[in-house]
């Protein structure tokens, strides 16, 4: 024991440093030969417990008893985690095991964080009439763990049909597979086949052939999502223009509706559609071609088109309607942040003709921010939240939710040529 005391006198820090340890930087600045005060009994016991095995005689048991926890000012966040890890590493093995057991017990006592599905279920509101979600990225991996539950909640919310969006050849094939596997109760599933402008750079020599094959499936109801996105430019603009034009021509060839995307590219977007109309009208003579090029609208294409997830201004909306397009409205209209323009979009909804309006979630994006409080709002959007979009659209148009639900479902059924099973409940 005398040897242990000598070691302590030479190496242990002042007693007050046990209670309030100095920062490492301060300790490093101390002179190597600085003297230390006599250690406390607690320090002696701690050193004895770490250096010597447990004593067999009862009189020495007190020396191996673990010291009480040190009094420290509690930390928070990452510093707290780092400090806790460092403190645990400095403990003797027996105390480390005790600390691990205590931490595990504390974790089990904590209430479990609700899942995204549980949050969505808590926000679920049933629509007053069957509704159609015309844009859902249901093949997204975020739905892999609970896709069946997502569809069950959608059915409970009154969603009669879902159009699964294809954004690339690969995701279009995944959408087709989902439609083929889905055979139980719940919304009817259909899909689109196309390449989003973000993925245009991935297109190759076989892209059109694979899209043509996908479009032949009985559940494929449109070509898309195709279009232009000059905001992010994940694909070069010339490549976007090339593959948008090719998909428009494919839709005309196959007589399929167009499911389209446009962001910060309104002028070029309209030009692609008008050029396609002019090409189609070329066989009828120069006069017809000139009339189509002048902009009589997408009706000249011979196929309907919808600009999904519309977020533009009044002039852009006028241009879209002049092109003969239908308009898809998402949870963007529910966004109450001034910089996002949700209020401006809501003010435009009255100008959309009833026969051109459809609603969608664009899941898993654009969770309706009308769900309050924010803590109750899931981070992942899903079709069961479409009634929140319906409510916002109805309020902006000054119509009842039931009227908007019925009308948008009739428009979607006619546009995508959905089977009577989607329409029947409306009569």
Exercise for review: Would you check if residue 186 is over 17 Å from residue 416 (Cβ atoms) and in contact with a helix residue (DSSP H, G or I) (Cβ under 7 Å, 6 or more places away or on another chain)?
Suggested key: yes
**Study point:** the stretch 380-402 residues that are on the phi > 0 side of the Ramachandran plot, paired with ones that are surrounded by fewer than 19 Cβ atoms within 10 Å (Cβ to Cβ) and part of a helix (DSSP H, G or I) (beta carbon under 8 Å, 6 or more apart)
**Key:** 398/350
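For every residue, the table says whether it meets (1) within 16 Å of residue 167 (Cα to Cα); (2) surrounded by fewer than 17 Cβ atoms within 10 Å (Cβ to Cβ); (3) free of Cβ contacts under 8 Å to residues at least 24 places away in the same chain.
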| site | (1), (2), (3) |
| --- | --- |
| 234 | yes, yes, no |
| 244 | yes, no, no |
| 247 | yes, no, no |
| 250 | yes, no, no |
| 260 | yes, no, no |
| 265 | no, no, no |
| 271 | no, yes, yes |
**Study point:** Failed condition for residue 182, given (1) at pLDDT 95 or above; (2) in contact with a strand residue (DSSP E or B) (Cβ under 6 Å, 6 or more places away or on another chain)
**Key:** (1)
Check your understanding: Looking at (1) surrounded by fewer than 24 Cβ atoms within 10 Å (Cβ to Cβ); (2) assigned to a loop (DSSP other than H, G, I, E, B), can you tell me which one residue 195 breaks?
Key -> (1)
Revision key, fill the gap. Selection from the stretch 363-379 of residues closer than 18 Å to residue 148 by Cα and either at pLDDT below 95 or surrounded by fewer than 23 Cβ atoms within 10 Å (Cβ to Cβ) (or both) yields 364, 378
Practice item. Those residues that are in contact with a strand residue (DSSP E or B) (Cβ under 6 Å, 6 or more places away or on another chain) and at positive phi, I need them from the stretch 350-379; list them, please. Key: 362
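Could you list all residues from the stretch 320-341 that are assigned to a helix (DSSP H, G or I) and either buried (at least 17 other Cβ atoms within 10 Å of the Cβ) or not assigned by TED's automatic domain parsing to the domain that holds residue 258 (or both)? Write out each step before concluding.
Quick first cut of the stretch 320-341, residues assigned to a helix (DSSP H, G or I) only: 320-322, 331-334, 338-340.
Across the stretch 320-341, the qualifying residues are 320, 321, 331, 332, 333, 334.
For every residue, the table says whether it meets (1) touching a helix residue (DSSP H, G or I) at 6+ places or on another chain (Cβ under 7 Å); (2) at pLDDT 95 or above; (3) part of a loop (DSSP other than H, G, I, E, B).
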{"residue": "343", "(1), (2), (3)": "no, no, no"}
{"residue": "381", "(1), (2), (3)": "yes, yes, yes"}
{"residue": "392", "(1), (2), (3)": "yes, yes, no"}
{"residue": "402", "(1), (2), (3)": "no, yes, no"}
{"residue": "407", "(1), (2), (3)": "yes, yes, no"}
{"residue": "413", "(1), (2), (3)": "yes, yes, no"}
Review point. Has the stretch 147-157 got at least one residue that is closer than 27 Å to residue 401 by Cα and part of a strand (DSSP E or B)?
Key: no
Check your understanding: Condition test on residue 128, is it in the same structural domain as residue 410 (by TED's automatic domain parsing), touching a strand residue (DSSP E or B) at 6+ places or on another chain (Cβ under 9 Å) and over 24 Å from residue 227 (Cβ atoms)?
Key -> no
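The values are calculated or read from the model by the stated rules, or taken from the named source; none is laboratory data. Keep in mind the model is a prediction, meaning the values are calculated, not measured. For neighbour counting, all protein chains shown are included, and Cβ atoms are generated from backbone atoms with ideal geometry for every residue, glycine included.
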